[in-house]
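Colleague: This structure is in structure tokens; I'll ask about it shortly.
The values are calculated or read from the model by the stated rules, or taken from the named source; none is laboratory data. This one's a predicted model, so the numbers in the text were calculated from it and none came from an experiment. Here the Cβ positions follow ideal geometry from the backbone for every residue, glycine too, while neighbour counts run over all protein chains shown. Protein only, heavy atoms only, side chains kept; ligands, DNA and RNA dropped before computing areas. Shrake-Rupley method; radii C 1.70, N 1.55, O 1.52, S 1.80 Å.
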Amino acid sequence: VLLAGGVVLPSPMRWPSVVLSVVLAVGTVWAMNQFTTAQTRRAAATLAFTWCLMLAVLTGWFLPAAEPYRISNRVGARLAELERELGIPPALGIFEPPAVVYGVGHPVPVLRGKAKWLAHVTSKGPTLAALYDSEIEVLSKVPELRVEPMETISGFNHDKFRTEVLRFAVVRPAVPGEVARGEAAARR
């Protein structure tokens, strides 16, 4: 898996991944050779050294190289910027890693489902969020809400080990005339 990471990961993360795979392979083979020749203490020391070296490479090279690709940090920082620029407080939806809250710098409500979004926006006013397209689709069908997508961000979600795409959007209460038109359209 680490060797495959040397091929599929973004370029700054490739070499650390290759080094991790080589250290793990060489250390494990060397320790296994020592185990088979009844050098148990040396084998244990070799494995301990291998894992110390692995942790050093992981924390000193691989993780710092991966930091710019972590979507949660980038989403939190951008939500904080947009909050300052627009004066609209953020909330979280389905995408809610703790690093987002750290990036924003203050507690952020988590809203899941149409009813929670509607209650929050109705009582607190416009709300900024980083949403999946599926969330935008669901919230756009609520006549009392107006969803205004702005910009898109993509990056690596280390919790799910996959690249994800989110869209920053402002969710506002709909203007009364818009609500009537939305309800009429929904009945058709």
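Colleague: For region 1-105, what is one quarter of the convex hull surface built on the Cα atoms, given in nm²?
Modeller: Convex hull of Cα atoms, orientation-averaged projection: 8.9 nm².
Colleague: Could you tell me the relative contact order of region 65-174? Use alpha-carbon pairs under 8 Å, at least six residues apart, and round to a whole percent. Can you show the working numbers first?
Modeller: Numbers: 193 pairs, mean separation 31.0, N = 110.
Averaging sequence separation for qualifying contacts and normalising by length gives 28 percent for region 65-174.
Colleague: Looking only at region 62-188, where both bridge partners belong to it, what percent of the DSSP beta bridges are antiparallel (to the nearest 5)?
Modeller: The antiparallel fraction comes to roughly 85 percent.
Colleague: Write down the radius of gyration of region 45-113 and its Dmax, each obtained from C-alpha positions, in Å.
Modeller: Over region 45-113's Cα set, Rg and Dmax evaluate to 17.3, 57 Å.
Colleague: Another one. Can you give me the relative contact order of the chain as a percent, contacts being Cα pairs under 8 Å and 6 or more apart?
Modeller: Working: 260 pairs, mean separation 29.3, N = 188.
Taking the mean separation of contacting Cα pairs over the length of the chain, I get 16 percent.
Colleague: If you don't mind, there's one more thing I want to ask. Residue farthest toward the positive end of the dipole of the chain, with Cβ of Lys/Arg at +1 and Asp/Glu at -1: which of TRP15, VAL29, PRO97?
Modeller: The listed residue farthest towards the positive side: VAL29.
Colleague: Report MET32's accessible area, 1.4 Å probe, all protein chains in place, as a number in Å² to the nearest 10.
Modeller: For MET32, the solvent-accessible surface is approximately 110 Å².
Colleague: Please state the charge dipole magnitude for the chain, taken about the Cα centre, from unit charges on C-beta atoms (+1 on K and R, -1 on D and E), reported in debye and rounded to the nearest 20.
Modeller: Dipole of the chain, to the nearest 20 debye: 340 debye.
Colleague: If you don't mind, there's one more thing I want to ask. Given the -39500 (n - 2.57) contribution per DSSP H run of 4+ residues, what per-residue ellipticity at 222 nm results for the chain, rounded to the nearest 500 deg cm²/dmol?
Modeller: Values: 9 runs with 109 residues, N = 188.
Result for the chain: -18000 deg cm²/dmol, rounded to the nearest 500.
Colleague: Another one. Only Cα pairs under 8 Å and at least 6 apart count here; give the relative contact order of region 1-103 as a rounded whole percent. Don't skip to the end; give the middle numbers.
Modeller: Working: 83 pairs, mean separation 22.4, N = 103.
About 22 percent, as a whole number.
Colleague: Using Stokes-Einstein with the Kirkwood hydrodynamic radius over Cα pairs, what translational diffusion coefficient do you get for the chain at 25 °C and a viscosity of 0.890 mPa s, in µm²/s rounded to a whole number?
Modeller: Stokes-Einstein gives a translational diffusion coefficient of 125 µm²/s.
Colleague: Of the candidates PHE156, PHE49, PHE168, which one comes out as most mobile in a Gaussian network treatment of the chain with C-alpha springs shorter than 10 Å?
Modeller: Greatest mean-square fluctuation among the candidates belongs to PHE49.
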